[in-house]
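What follows is a set of notes on a single structure, which appears directly below.
Read-outs throughout are calculated quantities, based only on the coordinates presented, and are distinct from any laboratory measurement. Computed from a prediction, not measured in an experiment: that's the story for all the values here. Heads up, the Cβs are rebuilt from the backbone with ideal geometry, glycines too, and the neighbour counts pull from every protein chain shown.
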Amino acid sequence: MQASKPILLALLALSSLASAAQAPATTKANHAAAPVLAATPPMGWNSWNFFARNVNDQDIRNAADQMVATGMKDAGYIYVNIDDTWEGDRDADGVLHTNSKFPDMKALADYVHSRGLKIGIYSGPGSKTCAGFAASLDHEVQDAQLYASWGIDYLKYDLCSFRRDQMAAKAPNDKAEQMRMMVSAYEKMGKALKDTGRPIVFSLCQYGWDSPWEWAPALGGNLWRTTGDVQANWGSIYNIINQQAGLAKYAGPGHWNDPDMLEVGNGKLTLAENRSHFSLWAMLAAPLLAGNDLPNMKPEVKAILTNADVIAIDQDRLGRQGTHVYSDGEVDVWARHLSGGAMAIAVLNAGSDRVATHPFHLSLARLDLHGPQKGKDLWTGKDVTLTENMPIELDSHDTLLVRIASPK
Ligand code: GLA
């Protein structure tokens, strides 16, 4: 017997429902929410720490080339970020143009993309950037649209002149009002970026003012600076590390505490200091934005920046930032919980060399660990077993970084 038309239609509808139910995940994903932007802390390179004001188009192209040639890209460094000093003047329509150092931003973005990388740019909510170039005040939507039209993937938005020309000028005696003005300026750019429809990582650079970890995620911030500017010396780096304790609960996939960009390979940092800097940034689930001279990177610096085991700690998909567990004199012990029940432990010696006469004794009990723990020393690559009160010799400013796969 042939089915009547209405029955046929009903059968067809049923069978399409059934095939939809069996459709592969890829088909369903079309309707799923967009992937989380900055699901792990952003990794890349930024021009400021090495070039400061002297960066130009060719430097950015060279950086992109070097990211590929050195293996940085393969290690996970994806963003090539232009910091301050690319900006020119606005035309009669308010459209911002680049200055002569950056003749064609769209072409530069295309070049960076052609290397399989992403590109970042810089502005701020005030009338001027920190280096005195045009910033986005009253042009937020226009600028966000411009970035999107160039193919920009990341914006670092730096408070700078907004403090003076807006906050201090408009609410000179009302600090709370100044902070509200600051938050709403960041909100404005967060919305403008979102409205472009392009996924653009939003990096707040306002030096940790007014506890941005409490309000930045809600306005679309993917990362926010927690402190003032990092410098390429141990004092600056260790000072910043100490200011991160207690912030772990605010970090997670899509939104990260930013203790500022990396100085690994810059200034007079020793190898031990470079290792400690990189180890602690990984423990802190910090964005890893290298800031060194890529074409002249020394092999030992490259070995630190591309250590896959250390990067894996930073990029752990759980996104749980490490915590400071205890200090004993000038030795600090940090721990981080990782996916799969694993754990990372960092023992940082901020004091003088600890040698065989009076080594550091690691307390596993204070880490809530019981009995010998099998792990891997991520800087030597060798297996280690940690035991209660074991003596540890550690050079000044160096860090022992151990991953324990199955902590007990
Ligand atoms: C501020 C920021 C730095 C850098 C400069 C550029 O100081 O904190 O990271 O972007 O401005 O002028």
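ASP210: net charge of surrounding residues, Cβ under 14 Å, Lys/Arg +1, Asp/Glu -1, itself excluded? Display every interim value, and only then the final one.
Values: positive: ARG163, LYS175, ARG180, ARG225; negative: ASP174, GLU177, GLU187, GLU214.
Spelling it out: positives minus negatives among the neighbours equals 0.
Sort the stretch 342-383 into rounded, prolate or oblate with this rule: let a ≥ b ≥ c be the square roots of the eigenvalues of the Cα gyration tensor; rounded if a/c is under 1.5, and if a/c is not under 1.5, prolate when a/b is larger than b/c, oblate otherwise.
Details: a/c = 1.90, a/b = 1.33, b/c = 1.43.
Oblate, since a/c reaches 1.5 and b/c is not below a/b.
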Original post:
How many nm separate the modelled label positions at GLN231 and VAL141, each set 7 Å beyond the Cα in the direction of the Cβ?
Top reply: 4.3 nm
**OP:** Report the antiparallel proportion of the DSSP beta bridges in the chain as a percent, rounded to a multiple of 5.
**Re:** 60 percent
Subject >> Nitroxide proxy distance, nm - points 7 Å out along Cα→Cβ at SER339 and ASP165 >> reply: 4.4 nm
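At 0.36 nm per residue, minus the direct Cα-Cα distance, what do HIS358 and ALA69 gain on full extension? Give it in nm, one decimal, please. Write out the running numbers ahead of the final one.
Values: separation 289, 0.36 × 289 = 104.04 nm, distance 4.42 nm.
99.6 nm is the gain from fully extending HIS358 to ALA69.
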Original post:
Can you pull the three principal axis extents for the Cα set of the stretch 233-379, in Å, largest first?
Top reply: 47, 43, 27
Subject >> Local electrostatic count at MET261 - Lys and Arg +1, Asp and Glu -1, tallied over other residues with Cβ under 12 Å >> reply: -3
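Can you figure out the FRET efficiency of MET390 with ASN239, using R₀ = 41 Å and their beta-carbon distance, to the nearest 0.05? List each step's numbers first, then the result.
Working: r = 29 Å, r/R0 = 0.71.
The calculated FRET efficiency here is 0.90.
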Original post:
Residues in the stretch 209-224 near a label at ALA33, defined as backbone nitrogen under 19 Å from the 7 Å Cα→Cβ point?
Top reply: 215-223
Subject >> Partnerless cysteines, meaning none of the other Cys C-beta atoms lie under 4.7 Å away, in the chain >> reply: CYS205
**OP:** Would you kindly compute the Cα radius of gyration of the stretch 114-229 and its largest Cα-Cα separation (Dmax), both in Å?
**Re:** 13.8, 51
**OP:** Take the alpha carbon gyration tensor of the stretch 349-408, find the square roots of its eigenvalues, order them as a ≥ b ≥ c, and report rounded if a/c is under 1.5; if not, report prolate when a/b exceeds b/c, else oblate.
**Re:** oblate
**OP:** Note down the relative contact order for the stretch 289-408 as a percent, whole number, built from C-alpha pairs under 8 angstrom at least six residues apart.
**Re:** 24 percent
**OP:** Enter the Cα centre distance for the pair the stretch 314-391 and the stretch 194-211, rounded to the nearest angstrom.
**Re:** 33 Å
Original post:
Could you give the dipole magnitude of the chain about its Cα centre, charging the beta-carbon of Lys and Arg +1 and that of Asp and Glu -1, in debye to the nearest 20?
Top reply: 1180 debye
Original post:
Once the other residues with Cβ under 12 Å from the Cβ of VAL230 are scored (Lys, Arg +1; Asp, Glu -1), what is the net sum?
Top reply: -3
**OP:** Taking only the C-alpha atoms, wrap a convex hull around the chain and report its volume per residue in Å³ as a whole number.
**Re:** 209 Å³
Original post:
Using mean Cβ contacts within 10 Å as the protection proxy, how do 316-325, 238-247 order, highest first?
Top reply: 316-325, 238-247
**OP:** With +1 on each Lys and Arg Cβ and -1 on each Asp and Glu Cβ, and nothing else charged, work out how big the dipole of the stretch 146-284 is about its Cα centre, in Debye to the nearest 20.
**Re:** 140 debye
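If the chain between ASP110 and ARG53 were fully stretched, how many nm would it gain, using 0.36 nm times the residue separation less the Cα-Cα distance? Present the calculation step by step, with values, prior to reporting the outcome.
On the way: separation 57, 0.36 × 57 = 20.52 nm, distance 2.29 nm.
Residue separation times 0.36 nm, minus the Cα-Cα distance, leaves 18.2 nm.
Could you please rank VAL201, VAL183, placing first whichever residue has the fewest other Cβ atoms within 10 Å of its Cβ?
Numbers: VAL201 24, VAL183 18.
Lowest count first: VAL183, VAL201.
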